[in-house]
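In what follows, a structure is listed as structure tokens, so that the remarks can point back to it.
The values are calculated or read from the model by the stated rules, or taken from the named source; none is laboratory data. None of these values were measured; they are calculated from a predicted model. A quick note on method: Cβ atoms are made from the backbone with ideal geometry, for glycine too, and the neighbour counts reach across all protein chains shown. All accessible areas refer to the heavy atoms of the entire protein, side chains included, with ligands and DNA or RNA removed. Shrake-Rupley method; radii C 1.70, N 1.55, O 1.52, S 1.80 Å.
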Amino acid sequence: MDVLLPGGRDVRGTLSEPDGNPAAVVVACPPHPQHGGSRNDPRLVAVSDALVAADIACLRFDYGSWDEGHGERADVRNAIRWARDEYDGTDSLPVGVFGYSFGASESLLASAATPPDAVAALAPTARLEGDLDAAAALADLEVPVCVLYGERDTTADWEPVVDRARDRGDETTALAGDHFFLGKHDEIAATVRSFFEQALLAST
């Protein structure tokens with residue numbers, strides 16, 4: 001299902017749902033839009049497919065016009081709000097956020113201000129533009145976090161994020177690969193699915 005997100009920016013997404021009523025919903029944030037990142041990123045699609053198989057809906061979206069990371073953070077926050085509102089029935093569904101690369105950093109930054117129920121970040125870089133410090137944002141998160149990283153990733157400065165996550169007692173998963181995780185999409189999807197099943201569904 002195509003979705004136009006509120007918030008004053010042209011932000012469009014694709015909502016994938018299981019055949020029955022979903023038990024939770026996850027917002028999936030793409031990598032850097034200036035480097036071709038979009039909701040059709042194969043890592044996001046693999047995660048979405050795995051989540052839907054676990055009865056978790058997934059909203060993949062494209063950011064609005066480039067705004068040095070600040071507008072993109074607002075896009076993630078608006079997507080979290082949309083997910084809350086869309087499934088705000090008698091029993092509101094838990095909401096998770098997943099992001100890859102630039103999207104992983106944005107998922108942490110946005111979640112610190114608009115908290116979901118859990119966050120999974122794949123290959124986050126510690127800092128984006130200016131004051132957009134994803135590693136520091138972990139200090140403001142009071143929900144379960146899972147950080148996945150490539151052992152040979154020299155593209156993203158992921159070490160500070162992983163160190164902060166370990167200090168918090170969060171789940172961290174090392175993958176035998178570089179920043180692009182070729183051949184690892186199924187492993188990523190299975191790890192993210194398992195995390196969200198535990199974080200979002202175990203108590204429902």
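Between Asp131 and Arg81, what's the calculated FRET efficiency when r is the beta-carbon distance and R0 is 30 Å? Round to 0.05.
0.85
On alpha-carbon atoms, Rg over Rh for the chain using Kirkwood Rh?
With Rh from the inverse mean 1/r over Cα pairs, Rg/Rh is 0.93.
How high is the relative contact order of the stretch 148-204, in percent, counting Cα pairs under 8 Å that sit 6 or more residues apart?
Relative contact order here is 39 percent.
Length gain on complete extension for the stretch Arg12 to Ser194, per 0.36 nm per residue less the alpha carbon to alpha carbon distance?
Numbers: separation 182, 0.36 × 182 = 65.52 nm, distance 2.72 nm.
Separation in residues times 0.36 nm, less the Cα-Cα distance, equals 62.8 nm.
In nm, give the distance between the simple-model label positions of Asp67 and Asp163, each being 7 Å from the Cα along the Cα-to-Cβ direction.
3.2 nm
Once label points are set 7 Å from the Cα along Cα→Cβ at both Ala176 and Arg152, what is their separation, rounded to one decimal in nm?
1.0 nm
Taking amide H positions as placed in the peptide plane 1.01 Å from N, state which residues far from Ala24 in sequence (5 or more) or on other chains have amide H under 5 Å from it.
Here the answer is Ala57, since their amide H atoms fall under 5 Å of that of Ala24.
Once amide H atoms are placed 1.01 Å from N in the peptide plane, what residues at a sequence separation of 5 or more from Thr173, or on another chain, have their amide H within under 5 Å of its amide H?
Amide H to amide H, under 5 Å and 5 or more residues apart or across chains, Thr173 pairs with Val147, Leu148, Tyr149.
If I take R0 = 25 Å and measure r between the Cβ atoms of Ala202 and Ser92 in this structure, what FRET efficiency does the formula 1/(1 + (r/R0)^6) give, to the nearest 0.05?
Between Ala202 and Ser92 the formula returns 0.90.
Express the accessible area of the stretch 2-201 per residue in Å², computed with a 1.4 Å probe while the remaining protein chains stay in the model.
42 Å²
Multiply the residue separation of Asp2 and Glu142 by 0.36 nm, subtract the distance between their alpha-carbon atoms, and state the gained length in nm to one decimal.
Going from the current span to full extension adds 47.3 nm.
Hand me the GluC sites (Glu not before Pro) from the stretch 33-132 located in a DSSP loop with no more than 16 other Cβ atoms within 10 Å, in residue order please.
Loop-located and lightly packed - Glu68, Glu129.
When the dipole is taken about the Cα centre of the stretch 70-190, and only Lys, Arg (+1) and Asp, Glu (-1) are charged at their Cβ, what size is it in debye, to the nearest 20?
Numbers: 10 positive and 24 negative charges, 8 e Å.
Charge dipole, the stretch 70-190, about its Cα centre: 40 debye, nearest 20.
Tell me the relative contact order for the chain as a rounded percent, counting alpha carbon contacts under 8 Å between residues six or more apart. Could the numbers behind the result be given before it?
Values: 458 pairs, mean separation 39.6, N = 204.
Taking the mean separation of contacting Cα pairs over the length of the chain, I get 19 percent.
Could I have the simple spin-label model distance between Asp19 and Ala53, label points 7 Å from Cα toward Cβ, reported in nm to one decimal?
Computed distance between label sites Asp19 and Ala53 equals 1.5 nm.
With +1 on the Cβ of every Lys and Arg and -1 on the Cβ of every Asp and Glu, and nothing else charged, how large is the dipole of the chain about its Cα centre, in debye rounded to the nearest 20? Let's see the in-between values first.
On the way: 16 positive and 35 negative charges, 19 e Å.
The dipole of the chain has a size of about 100 debye.
Under 9 Å from the Cβ of Gly150, count the other residues' Cβ atoms, weight Lys and Arg +1, Asp and Glu -1, and hand me the total.
Numbers: positive: Arg152, Lys184; negative: Glu151, Asp153, Asp178.
My count for the surroundings of Gly150 gives -1.
Run the accessible area of the chain with a 1.4 Å probe and give the carbon-and-sulfur part as a rounded percent.
The value for the chain is 43 percent carbon and sulfur by accessible area.
Taking every DSSP beta bridge with both residues inside the stretch 2-201, roughly what % is antiparallel (nearest 5)?
Roughly 30 percent of the DSSP beta bridges within the stretch 2-201 come out antiparallel.
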